[in-house]
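**Student:** Starting off with a structure, shown below.
The values are calculated or read from the model by the stated rules, or taken from the named source; none is laboratory data. A quick note: this is a predicted structure, and the numbers were derived from the prediction, not measured. Here the Cβ positions follow ideal geometry from the backbone for every residue, glycine too, while neighbour counts run over all protein chains shown.
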Amino acid sequence: MDDRFFRNAMGKFATGITVVSTEVNGEAHGMTANAFVSVSLTPKLVLVSIDKRARMLPLIQQSKKFAVSFLSADQENESMRFAGQIKEETPYSFEQFGELPVIQGALANMTCNLYNEVDAGDHVLFIGEVTDLKVNEGDPLLYFGGQYRKLSE
């Protein structure tokens, strides 16, 4: 099967949208990711999958920690910005949560210490142990079939 067919098939799985962020040398960095999953309750582990070509990859490897923000239905611009679809000249105004930058107003923000990393084809799987968590009310920003979606009743 070719790459396009595989990618289109994977687009049939609806996902939430996250921004994965970290800080290195006092500078905040973020990237959009929909490859996120809860892994374990004891210890509390989550996983994000990051392309080996992504600028975020060596930053997480250096900082040994990262945050994950679950985007709300009204945060499509944040998703597009951190996916590189919107070019902004001004730095993003992250909120600090613990020692890490997070997206303000997200449905959830969590901070993680790097627990393990696993080479997986053209990606690296970063497993993080959750160190802190906060949750807000609202609806999620979803992604399906190559488009942003929102919940409907």
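**Student:** If the requirement is being at pLDDT below 95, within 16 Å of Thr22 (Cα to Cα) and surrounded by 12 or more Cβ atoms within 10 Å (Cβ to Cβ), which of these qualifies: Glu117, Glu99, Glu129?
**Tutor:** The conditions single out Glu99.
**Student:** Okay, moving on. Among the numbered conditions (1) part of a loop (DSSP other than H, G, I, E, B); (2) under 18 Å from Glu27 (Cα atoms); (3) not small (Gly, Ala, Ser), tell me where Val68 comes up short.
**Tutor:** If we test Val68 against (1) part of a loop (DSSP other than H, G, I, E, B); (2) under 18 Å from Glu27 (Cα atoms); (3) not small (Gly, Ala, Ser), just (1) comes out false.
**Student:** Still on this structure, please answer the following. Kindly indicate whether any position in the range 35-56 is under 21 Å from Met110 (Cα atoms), among the hydrophobic types (A, V, I, L, M, F, W, C) and assigned to a helix (DSSP H, G or I).
**Tutor:** The answer is yes, given that some residue of the range 35-56 is under 21 Å from Met110 (Cα atoms), among the hydrophobic types (A, V, I, L, M, F, W, C) and assigned to a helix (DSSP H, G or I).
**Student:** While we're on this one: Do the conditions hold for Glu78, that is, is it within 24 Å of Val135 (Cβ to Cβ), in contact with a Gly (Cβ under 9 Å, 6 or more places away or on another chain) and free of Cβ contacts under 8 Å to residues at least 24 places away in the same chain?
**Tutor:** no
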